[in-house]
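Inspection log for the structure reproduced underneath, given as structure tokens.
The values are calculated or read from the model by the stated rules, or taken from the named source; none is laboratory data. Predicted model only: the values in this text are computed from it and were never measured. Note that each Cβ is placed from the backbone with ideal geometry, even for glycine, and that neighbours are counted across all protein chains shown.
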Amino acid sequence: MGINAREGSNPSLGTRLRTLRVGFIFASQWLAKVYGPGEAWKPGMKAQQSLNEKPVHELLALIEKGEIHPRDVISDVYRAIAQREDQIKAYISIAPPEHLLQGCERLRDRPLRGLPIAVKDNISTVDLKTTCASKFLENFQPIFDATVIERLKDAGAQILGKTNLDEFAMGSSTENSAFFPTRNPHDLERVPGGSSGGSAAAVAAHEALWALGSDTGGSIRQPASFCGIVGLKPTYGLVSRYGLVAFASSLDQIGPMTKDVRDCALLLNFIAGRDRRDSTSLERPCDDYTRDLGQDIKGFRVGVPKEYIVDLSSQARACVEAWVKIFHELGAEVREISLPHTEYAIPTYYLISSSEASANLARFDGVRYTKRISDLSVEAMFAESRARCFGPEVKRRIMIGTYALRAGYYEAWYGKAQRVRTLIRQDFERAFQTVDIIISPTSPTPAFKLGERMKDPLAMYLSDIFTVPASLAGIPAISIPGGKVEGLPFGLQIIGDKLQEAKILRAAYAFEQSHAPAVSPTEQ
């Protein structure tokens, strides 16, 4: 399927953005007509109604009792979008509300009752464009749904909208979107994290009940930490990647982003499982990840890597000490462990991910399903299309990856990085012989200010230093609200051994129930 826009016929950026956000215009007009224009939203302002602030499992229980109707929830979600989206900019495109209101009647007998879900805009959907926040794909309309979307639709979910991200999921702040940056609902002058910043911001601002993100080196967990929500990166292969636009194929994973741990487990139930269309999908029976929630964690052996607590601020270190105390009170045994190759994780990750990205993004050339800039010659078309449609961060990673893979350097760079990756995985294998779970901060700092790190790529990359190792090892990790640092959400990361999602969810739920959750931006 091709979308070949000639240079002379390209609409202005403003026109393109208005087209991308047409669903938001429909939603605003519909809500203004039904509810009136409303007051401009600010962090700390309480919503008129609060159904959209409840977790999905509570909403499903209320629907089952007949106390509310799915359309009431959908109306409240769209009301929040109309009130807050101009400030936060979590969405690239939004489905018209009448579509979801009609659909909820048809889906009332399915498990998810027609409730909406937000989806990161690098996951294929036939109902809405999939842009990857890139000029290359700004008009791309997929012809198939990703496997995770098919499964959610079968369960009765409806796609609310596609959320903003760093272009092609390359970034840690959602400032690398080709369209606009997303803002953190807790502080509009700060980033929501990335690359799944749009999904995290939508959930935190109650513009979505829950969302899907993708995680390559921390792109679910770090924005979950910055926005004070729950985000899970599953074991590599547990959730199908079919329909996820590839960044780094040996690292990419789709995962849930939710208001609480129970919702996270519930959403994982619907999206996990074998998919014959994904050759990396694991062959294993489906599990119920909500089953063990509520069981105590007495006797759990909890490891705290000494490499993960150096160079933390005094407030961040105080959070870690508080977590240790809580796990002790829950009956767990906490001990210090070592993951000695942690210092090599960031360079290893960027060599591997950039190398795979340079290969995966070679398909974006102006010929196939992407924008074409020049028809002067094949060489000019390739060069002009890629130069004008890729953003600076994507270009940077393509250059790094191409260099690492060139003849004579492959073994020295990419090959060596893969060997170090094995050492990092072996660190975790040894650790899990003596502990059941590992805890750490999700990121060294809370959300930083917009623009603060855009001119310093290394500082931006280091915000993922605690999330990248688990990605390289292919093991599951979850970020949950762990307190406040500098008055902003600060996430606790819980890492488990391969396919131990049930164990880390059980520990996360126990912590969540004993620890006051992060303050919602509507309650500050």
Open item on the list: Regarding the stretch 125-148, can at least one residue be identified that is assigned to a strand (DSSP E or B) and under 19 Å from E207 (Cα atoms)?
Closed with: no
Open item on the list: Of everything in the stretch 358-381, what is under 20 Å from R396 (Cβ atoms), buried (at least 18 other Cβ atoms within 10 Å of the Cβ) and modelled with pLDDT of 80 or more? Give them in sequence order.
Closed with: S358, N360, L361, F364
- [ ] Report, by residue number, each residue of the stretch 279-302 that is surrounded by fewer than 17 Cβ atoms within 10 Å (Cβ to Cβ), more than 24 Å from I439 (Cβ to Cβ) and modelled with pLDDT of 95 or more.
- [x] S279, T280, D288
Task: Among residues of the stretch 251-269, those that are out of contact with any strand residue (DSSP E or B) (no Cβ under 6 Å at 6 or more places or on another chain), closer than 19 Å to G156 by Cα and not polar (S, T, N, Q), counted - done: 4
Open item on the list: Looking only at the stretch 429-456, how many residues end up being surrounded by 20 or more Cβ atoms within 10 Å (Cβ to Cβ), outside any loop (DSSP other than H, G, I, E, B) and among the aliphatic types (A, V, I, L, M)?
Closed with: 3
Task: Verdict on E393 being more than 24 Å from the chain's Cα centre (by Cα) and not hydroxyl-bearing (S, T, Y) - done: no
Open item on the list: Within the stretch 428-449, does at least one residue satisfy the condition of being among the β-branched types (V, I, T) and under 14 Å from I352 (Cβ atoms)?
Closed with: no
- [ ] Could you list, in sequence order, all residues of the stretch 111-151 that are surrounded by fewer than 23 Cβ atoms within 10 Å (Cβ to Cβ), hydrophobic (A, V, I, L, M, F, W, C), touching a residue at least 60 places away in the same chain (Cβ under 8 Å) and farther than 22 Å from A357 by Cα?
- [x] L128, I143, F144
Open item on the list: Tally up the residues in the stretch 48-59 that are modelled with pLDDT under 95 and either outside any loop (DSSP other than H, G, I, E, B) or in contact with a helix residue (DSSP H, G or I) (Cβ under 6 Å, 6 or more places away or on another chain) (or both), please.
Closed with: 1
- [ ] Scan the stretch 472-504 for residues that are in a loop (DSSP other than H, G, I, E, B) and within 13 Å of G231 (Cβ to Cβ) and jot them down.
- [x] P476
Open item on the list: Just checking, does the stretch 316-336 include any residue being of a type in the set (D, E) and closer than 28 Å to I400 by Cα?
Closed with: no
- [ ] Provide a single number: the residues in the stretch 60-81 that are outside any helix (DSSP H, G or I) and within 13 Å of P116 (Cβ to Cβ).
- [x] 0
Task: Of the criteria (1) over 16 Å from the mean Cα position of the chain (by Cα); (2) buried (at least 20 other Cβ atoms within 10 Å of the Cβ), which one I254 fails - done: (1)
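Any idea which residue in the stretch 404-433 is farthest from P469 (Cα to Cα), counting only those that are of a type in the set (A, V, I, L, M, F, W, C) and over 29 Å from the mean Cα position of the chain (by Cα)?
Here the answer is A407.
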Task: Members of the stretch 469-491 that are of a type in the set (D, E, K, R) and touching a strand residue (DSSP E or B) at 6+ places or on another chain (Cβ under 9 Å) - done: K484
TODO: Within the stretch 461-468, identify whether any single residue is farther than 17 Å from T342 by Cα and out of contact with any strand residue (DSSP E or B) (no Cβ under 9 Å at 6 or more places or on another chain), and answer yes or no.
DONE: no
